[in-house]
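Asks: Input: one structure, supplied below.
The values are calculated or read from the model by the stated rules, or taken from the named source; none is laboratory data. Keep in mind it's a predicted model, so treat the numbers as computed, not measured. Using ideal geometry, Cβ is built from the backbone for each residue, glycine included, and neighbour counts are taken over all protein chains shown.
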């Protein structure tokens, strides 16, 4: 039985997702025939040394449609502990966020008890009515200028799942 490269790649992606792994996408734009696109970082993404400055971790271009977006990664800070915030934006609008305290709690200028590494995950949704594409981005920052430069470990992801319908509720 002869299988095409596309069929083999599709089966590998399904196997990776069902086994708890992550399949890497070749394109950063979902299409009508591809409902999932994952942007994965290959190197560490350093946050600004200045507190309160957002750094872009990953981006995706989203054509018209409804999407569930998920961002995840590992924050690392060997300097004084600081509050770190990661957010998903779509078309410049904040749609999801998560905060954590990460860093050395014993270092001068620390803001509280924390670990050197902290995983994060966040989920949001967006509807792009069109006609053109919008940009979704995973962006992170830390609150205070402490002399440290926290970073996001390699393999952070921004995942877009295109869905036929999405109901967004704010509470």
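Asks: Need a quick list: strands (runs of 3 or more DSSP E) entirely within the stretch 81-139 having at least 2 residues that are free of Cβ contacts under 8 Å to residues at least 40 places away in the same chain. Write out each step before concluding.
Replies: On the way: elements: 82-90, 93-102, 117-128.
Correct list: 93-102.
Asks: Just the residues that are exposed (fewer than 14 other Cβ atoms within 10 Å of the Cβ) and under 29 Å from residue 60 (Cβ atoms), please, taken from the stretch 100-134.
Replies: The answer is 117, 119, 121, 129, 130, 131, 132.
Asks: Right, residue 50: in a loop (DSSP other than H, G, I, E, B), surrounded by fewer than 18 Cβ atoms within 10 Å (Cβ to Cβ) and at pLDDT below 55 or not? Show your work before the answer.
Replies: Details: in a loop (DSSP other than H, G, I, E, B): yes; surrounded by fewer than 18 Cβ atoms within 10 Å (Cβ to Cβ): yes; at pLDDT below 55: no.
Criteria not met by residue 50.
Asks: Of (1) loosely packed, with under 14 Cβ neighbours inside 10 Å; (2) over 18 Å from residue 37 (Cα atoms), residue 165 satisfies all except one. Which?
Replies: (2)
Asks: Same structure again: Checking the conditions here, which among 75, 69 is within 14 Å of the chain's Cα centre (by Cα), at pLDDT 95 or above and farther than 30 Å from residue 164 by Cα?
Replies: From the options 75, 69, the qualifying one is 75.
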